[in-house]
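The values are calculated or read from the model by the stated rules, or taken from the named source; none is laboratory data. All of these numbers come straight from a predicted model, not from anything done at the bench. Positions of Cβ are generated from backbone atoms using ideal geometry, with glycine treated the same way; all protein chains shown enter the neighbour counts.
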Amino acid sequence: MRSTTVGMIFLLIIIVYFLILSLKLIFIGMGKIENPNTKKIDKNGKFILRGIIGLVVTTPFLCYIIFIFIQVFLI
């Protein structure tokens, strides 16, 4: 494999990781998962806002990386 392909796969893994963290922040904010800071299950609007911002920022990057993979490997 070329170093470019390895770099793109590494970038894809990082972006998926950030998406998972954003979803986790949203669930913590909604009170579905225990807050790691306070060790309690409580609702927090700050976590919901941070999770939504994370999703909004990383989703276009994920779409772009997937588009590049489709262009490189399928065409």
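Side notes on the structure shown:
- In the range 27-45, the residues that are free of Cβ contacts under 8 Å to residues at least 60 places away in the same chain and under 17 Å from Leu55 (Cα atoms) reach residues that are in a loop (DSSP other than H, G, I, E, B) and of a type in the set (Lys, Arg) with C-beta atoms within less than 9 angstrom, at least six apart or across chains, in these pairs: Gly29/Lys43; Met30/Lys43.
- Hey, Ile15 touching a residue at least 12 places away in the same chain (Cβ under 8 Å) and loosely packed, with under 15 Cβ neighbours inside 10 Å or not: no
- Residue ID - surrounded by the fewest Cβ atoms within 10 Å (Cβ to Cβ), chosen from residues in the range 50-75 that are among the hydroxyl-bearing types (Ser, Thr, Tyr) and closer than 18 Å to Phe10 by Cβ: Tyr64
- Pairing residues of the range 53-75 that are in contact (Cβ under 8 Å) with a residue 40 or more places away in the chain with residues that are surrounded by 12 or more Cβ atoms within 10 Å (Cβ to Cβ) and among the aromatic types (Phe, Trp, Tyr), at Cβ distances under 6 Å and at least 6 apart in sequence or on separate chains, gives Thr58/Phe18.
- Residue check for Phe47: within 15 Å of Leu11 (Cα to Cα), under 18 Å from the mean Cα position of the chain (by Cα), surrounded by 14 or more Cβ atoms within 10 Å (Cβ to Cβ) and at pLDDT 90 or above: no
- Scanning the range 1-12 for residues that are without any contact (Cβ under 8 Å) to a residue 40 or more places away in the chain and either touching a Ser or Thr at 6+ places or on another chain (Cβ under 7 Å) or part of a helix (DSSP H, G or I) (or both) yields a total of 6.
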